[in-house]
Amino acid sequence: MIEGMEHLPTTQSAVTALRAVAEEYAVEIEVTDDIGADQTSRHMAAGMGVTTDADGSLTHEAFVEFGGVPRVSVRLFHEGDALITVENVEFPDVERDDVPAFLRSVFGGLAHVHGRRFPPGYRLIVPLPGDRAHKEHVSMLLLTPWLSSRVR
């Protein structure tokens with residue numbers, strides 16, 4: 001385990017950690033829970049009234065939206081990963097344990113946009129503990145005021 005990272009074994013533990021991050025940075029948070037195989041996005045083939053996976057576990061996903069700027073949402077999946085969206089830039093397959101550190105980086109001002117002159121392009125870079133970072137392409141046409149303010 002990387003220093004400064006916490007282990008989040010369940011979706012509920014991740015939601016609790018995200019509530020703490022929201023409180024730490026004084027941002028509003030809204031959580032929507034989807035519980036049961038018939039409700040979760042990755043189990044659409046579940047039969048009518050089927051709420052558990054084949055192994056008998058109860059699936060739990062959550063969609064978390066944070067208020068204010070930047071616009072941030074997190075979709076926590078039962079399998080232990082998350083889809084984080086920052087100002088319409090999607091970061092798929094983020095490990096659930098990395099989500100709180102990712103959000104601290106965004107809300108704490110460490111996330112930045114790297115611009116290139118040739119070929120022209122932008123990448124949103126979100127640093128994490130342990131000299132790791134998540135990087136995603138940002139279309140020049142989709143630069144929001146918040147993203148533009150983070151260009152280096």
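The values are calculated or read from the model by the stated rules, or taken from the named source; none is laboratory data. Keep in mind the model is a prediction, meaning the values are calculated, not measured. Heads up, the Cβs are rebuilt from the backbone with ideal geometry, glycines too, and the neighbour counts pull from every protein chain shown.
No other residue among GLY49, GLY67, GLY56, GLY4 is modelled with pLDDT under 95 and touching a helix residue (DSSP H, G or I) at 6+ places or on another chain (Cβ under 9 Å) apart from GLY4.
Every residue, every condition in (1) crowded, with 16+ Cβ neighbours inside 10 Å; (2) touching a Ser or Thr at 6+ places or on another chain (Cβ under 6 Å); (3) within 25 Å of THR10 (Cα to Cα), yes or no:
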residue	(1), (2), (3)
GLY67	no, no, yes
PRO70	yes, no, no
GLY80	no, no, yes
LEU83	yes, no, yes
GLU95	no, no, yes
ASP98	yes, no, yes
HIS114	no, no, no
PHE118	no, no, no
LEU143	yes, no, no
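Being within 16 Å of HIS60 (Cα to Cα) and not basic (Lys, Arg) is the filter here; which residues of segment 71-96 pass it?
VAL74, LEU76, PHE77, HIS78, GLU79, GLY80, ASP81, ALA82, LEU83, GLU95
For segment 95-144, how many residues meet the condition of being touching a residue at least 60 places away in the same chain (Cβ under 8 Å) and part of a helix (DSSP H, G or I)? The total comes to 9. Among the residues of segment 122-141, the one identified as aliphatic (A, V, I, L, M), over 22 Å from ARG96 (Cα atoms) and either at pLDDT 95 or above or crowded, with 16+ Cβ neighbours inside 10 Å (or both) is VAL138.
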